[in-house]
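Below is one structure, written out as structure tokens; the observations come after it.
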Amino acid sequence: MNKLSALIIGGGIGGLTSAIALGQRGFQTEVIEKDPEWSVYGVGIIQQANVVRAVAELGVIDDYIEAGYGYDFVEIYKPDGELAAKVPVTRLVEKYPGQMGIGRPALQKVLADRAKAEGAKIRLGVVVTELVDDEDGVPVKFSDGTGGRYDVVVGADGINSQIRDLLFPDARKPEFAGQAVWRYNLRRPKGLDNMRAFEGKMGVGLVPLSDDQVYMYLTTPEPDNPRYPREGLAKTMRDKLKEAPPGIAELVDQITDDDEVVYRPLTWHFLEGNWYKGRVMLVGDAAHGTTPHLGQGAGMAIEDSLVLAEELDRADSVADAFAVFQERRYERCKYIVDSSVAICMGQIGKGPLVNYPKATADMIAATSEPL
């Protein structure tokens, strides 16, 4: 198929990796992002082995590795602090670590720099006001009064996707999971050189980000979906950790800055049926937003971008490319969403308690399979 023009809606991980993957294949790409500051919160993110492989395929592996911290094991502890399992992570890229922890701002910089280098035009503070698929292309109008016509549109605008609502107004809306996640960056303790996850109703873990920094995540039941005031948020997080297990309790006193606490209610969504309509395709959280219990939300978005670019590059038509893309991605992404939500439901007592070491090992095996 001739090289196409693509509008990518959303300047997050899925949008930027889509711009990179398409740009590398000669497509003309334009990325719009509604946030005029293009900000991301400053805590870290887990990047599994399949993500390391995907980043290598995107051609940014060295910058990516330099910006984060690699490791080859996930240690899983019981609620009392006893080591339950040490799960090895298979290296999918020779000479590179199996998994990574990386700060979100650092990851965005790596991806944004490469997207621009691949020719992506990026516009901030802009949203779509009108989008019409006329079969031969997609005329679009923007909030800044400009417009354009594109061969394809990629909706990478997150779990509360505007584009999904435009395409599928009757689709099921994202669902609150009954939990929230708290995140905070800390000084990396001596000897913490891989990810540590603790089982229990209060899921908590540590992910190294650099030689001197680690980030803590904490999932707590929040059945009424409260909104906590910014003032006092650090104390609230410390209070949630009053019964923290050994290995976590020693770090709680470092949580002192209200502005550094990132609190997010957890929602999830899986779009049943097609993720596309005409020449408009949804990727990442817009199609399959998951809870973070298996650390694969960003990974699924990055994989989406690679597969979409590959299929658009080799298919005879956009329709064929979209159909094969969804066939390749649907069950893999559904597995991640279903498995992650099952862990969440078990933690809050709305489902059977999941064997977390087994779920982690199963996920690592499943996502190590080729795309």
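The values are calculated or read from the model by the stated rules, or taken from the named source; none is laboratory data. Note that the structure is predicted; figures quoted are calculated from it, not measured. As a convention, Cβ positions derive from the backbone with ideal geometry for all residues, glycine included, and neighbour counts pool all protein chains shown. With ligands, DNA and RNA removed, areas are computed over all heavy atoms of the protein, side chains included. Shrake-Rupley method; radii C 1.70, N 1.55, O 1.52, S 1.80 Å.
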Could you tell me whether V307 is in contact (Cβ under 8 Å) with a residue 24 or more places away in the chain, assigned by the TED database to the domain that holds Y356, in contact with a strand residue (DSSP E or B) (Cβ under 7 Å, 6 or more places away or on another chain) and of a type outside the set (D, E)?
no
One residue from Q24, Q28, Q48 being in contact (Cβ under 8 Å) with a residue 24 or more places away in the chain and closer than 23 Å to G147 by Cβ:
Q28
Residue ranges of strands (runs of 3 or more DSSP E) in region 1-120 with at least 2 members within 29 Å of R279 (Cα to Cα) and not small (G, A, S):
5-9, 28-33
Test E66 against the criterion of being closer than 15 Å to P208 by Cβ, open to solvent by less than 50 Å² (accessible area, probe 1.4 Å) and either among the hydrophobic types (A, V, I, L, M, F, W, C) or under 22 Å from the mean Cα position of the chain (by Cα) (or both), and give yes or no.
no
Tell me, yes or no, whether region 228-238 has at least one residue that is in contact with a Gly (Cβ under 9 Å, 6 or more places away or on another chain) and of a type in the set (V, I, T).
no
L218 fails exactly one of (1) more than 16 Å from V43 (Cα to Cα); (2) in a strand (DSSP E or B); (3) in contact with a helix residue (DSSP H, G or I) (Cβ under 8 Å, 6 or more places away or on another chain); (4) modelled with pLDDT of 95 or more, namely (1)
Name every residue in region 202-235 that is surrounded by fewer than 16 Cβ atoms within 10 Å (Cβ to Cβ) and free of Cβ contacts under 8 Å to residues at least 60 places away in the same chain, in order of residue number.
D212, D224, N225, P226, R227, Y228, P229, R230, E231, G232, K235
For region 349-364, state whether one or more residues are free of Cβ contacts under 8 Å to residues at least 24 places away in the same chain, open to solvent by 40 Å² or more (accessible area, probe 1.4 Å), assigned by the TED database to the domain that holds Q48 and among the small types (G, A, S).
no
Among the residues of region 81-135, count how many are open to solvent by less than 70 Å² (accessible area, probe 1.4 Å), under 24 Å from the mean Cα position of the chain (by Cα) and within 26 Å of V52 (Cα to Cα).
26
